[in-house]
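Trainee: Got a structure here, written out as structure tokens. Questions coming.
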Amino acid sequence: MQPAFIILGAGRPHTGEEHVALRSALGPSRVLDWLLRAVGPIQPVVHFVGGYQVETIEARYPEFTYWLNGSWQSTRAAYSLLQVDLPSFSDCLVSYSDILIRRSLVPALRAVDADVVIAVDSHWRKRFSGRTQDDLARCEKVCLHVALVTRLGADIASDVASAEFVGCVRFGPKVIEMLKGDKASLRQRLRQGNLSDLIEVLRMQGFT
């Protein structure tokens, strides 16, 4: 079955007016172009969950399957993901629309035998020059024991976190089955949840 790639891009950017997915990343390439190149070798069905400026994105990328988060102004990424009709997916990658990933990350995520596999940045404290302590405190963080995630969330103190969750994750078929069966209750529980909050719920429920 053809894999799925779900891009979460419903929210308004923190700065500026242009949707962050449409901003220049390098030369003529937009952030979305980087994401598409990274997943190109697996030839996925691309799904985009939109809200803010979704018409502009749809006009430039008509080949995507689109889902609307009509509550994008008052919800976050976990709620956006739960707008997608998941039953036909046996395995999928999910990404925020404002990140840049290399092509090598995709096979690395797919090679790990686990229900949930996440990408993290272990150099998160110094990756960006001038990053403030407030930004470090707000970002989605991870605690690790070797390669095993022991906790995720923005509420983790910066001084105890192992890395930053970069906003890219692979969900295996057992997770997809759970999400499609429990979608309504998860929507209520995670209206203000980030993607890391959803993953933490899965971890607490015993998924590997």
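Trainee: Place a point 7 Å from Cα of Ala114 in the direction of its Cβ. Which residues in the range 158-177 have their backbone N less than 20 Å from it?
Mentor: 160-177
Trainee: Still on this model: Got a sec to turn the phi values of the range 124-139 into Karplus ³J(HN,Hα) couplings, 6.51 cos²θ - 1.76 cosθ + 1.60 with θ = phi - 60°, whole Hz, x for Gly and Pro?
Mentor: 4, 5, 10, 5, 10, 5, x, 5, 7, 5, 4, 5, 4, 5, 7, 5
Trainee: Keeping all protein chains in place, calculate the accessible area per residue for the range 9-80 (probe 1.4 angstrom), answer in Å².
Mentor: Numbers: 3660 Å² over 72 residues.
I get 51 Å² per residue for this part.
Trainee: Placing unit charges on C-beta atoms (Lys and Arg positive, Asp and Glu negative, everything else neutral), compute the dipole magnitude of the range 72-159 about its Cα centre in debye, rounded to 20. Working shown, then result.
Mentor: Details: 11 positive and 11 negative charges, 79 e Å.
The calculated dipole for the range 72-159 is roughly 380 debye.
Trainee: Okay, next question. Rg and Dmax of the range 21-68 over Cα atoms: what are they, in angstrom?
Mentor: For the range 21-68, the Cα-based Rg and Dmax read 10.9, 30 Å.
Trainee: For Leu148 paired with Gln205, estimate the spin-label separation in nm (one decimal), with each label point 7 Å from Cα along the Cα-to-Cβ line.
Mentor: 2.1 nm
Trainee: If you take every DSSP beta bridge fully contained in the chain, what fraction is antiparallel? Give it as a percent rounded to 5.
Mentor: Percentage antiparallel, nearest 5: 55.
Trainee: Continuing with the same structure: Roughly how many Å is it from the Cα centre of the range 128-199 to that of the range 60-79, as a whole number?
Mentor: About 19 Å separates the Cα centre of the range 128-199 from the one of the range 60-79.
Trainee: With +1 on each Lys and Arg Cβ and -1 on each Asp and Glu Cβ, and nothing else charged, work out how big the dipole of the chain is about its Cα centre, in Debye to the nearest 20.
Mentor: Numbers: 24 positive and 22 negative charges, 50 e Å.
Approximately 240 debye in magnitude.
Trainee: Along the range 105-110, what does the Karplus equation 6.51 cos²θ - 1.76 cosθ + 1.60 (θ = phi - 60°) give for ³J(HN,Hα), rounded to whole Hz, x for Gly and Pro?
Mentor: 5, 5, x, 5, 5, 7
Trainee: Another one. Out of the total accessible area of the range 52-165 (probe 1.4 Å, heavy atoms of protein only), what percent is carbon and sulfur?
Mentor: Working: 3150 of 6310 Å².
Looking at the range 52-165 in its full context, I get 50 percent from C and S.
Trainee: Compute the separation of the alpha-carbon centres of the range 92-124 and the range 23-37 and state it in Å as a whole number.
Mentor: Taking the Cα centre of the range 23-37 as reference, the centre of the range 92-124 is 17 Å away.
Trainee: At a Förster radius of 30 Å, what calculated FRET efficiency corresponds to the Cβ-Cβ distance of Leu68 and Asp134, to the nearest 0.05? List each step's numbers first, then the result.
Mentor: On the way: r = 32 Å, r/R0 = 1.06.
It comes to 0.40.
Trainee: Rounded if a/c is under 1.5, else prolate if a/b is larger than b/c, else oblate: which is the range 1-116, with a ≥ b ≥ c the root eigenvalues of its Cα gyration tensor?
Mentor: On the way: a/c = 1.73, a/b = 1.23, b/c = 1.40.
It is oblate, given that a/c is not under 1.5 and a/b is not larger than b/c.
Trainee: Please list, short to long, the whole-number percent of alpha-carbon pairs of the range 100-176 in consecutive 5 angstrom bins beginning at zero.
Mentor: Reading the bins upward from 0: 3, 15, 24, 24, 18, 11, 4, 1, 0.
Trainee: In percent, what relative contact order does the range 125-187 have, based on Cα pairs under 8 Å that are 6 or more apart in sequence?
Mentor: Values: 54 pairs, mean separation 15.9, N = 63.
Contact order relative to length: 25 percent.
Trainee: Still on this structure, please answer the following. Please name whichever of Ala161, Val54, Pro173 sits farthest to the positive end of the charge dipole of the chain, dipole taken about the Cα centre and charges placed at Cβ: Lys and Arg +1, Asp and Glu -1.
Mentor: The listed residue farthest towards the positive side: Ala161.
Trainee: If you don't mind, there's one more thing I want to ask. Averaged across orientations, what area in nm² does the convex hull of the alpha carbons in the chain project?
Mentor: Details: hull surface 46.2 nm².
One quarter of the hull surface, i.e. the mean projection, equals 11.6 nm².
Trainee: Could you give the length gained by full extension between Leu26 and Met1, i.e. 0.36 nm per residue of separation minus their alpha carbon distance, to one decimal place? Each step should come with its number before you reach the end.
Mentor: Numbers: separation 25, 0.36 × 25 = 9.00 nm, distance 3.29 nm.
Full extension of this stretch gives 5.7 nm more.
The values are calculated or read from the model by the stated rules, or taken from the named source; none is laboratory data. Computed from a predicted structure; not experimentally measured. Heads up, the Cβs are rebuilt from the backbone with ideal geometry, glycines too, and the neighbour counts pull from every protein chain shown. The area values use the complete protein model at the heavy-atom level, side chains included, leaving out ligands, DNA and RNA. Shrake-Rupley method; radii C 1.70, N 1.55, O 1.52, S 1.80 Å.
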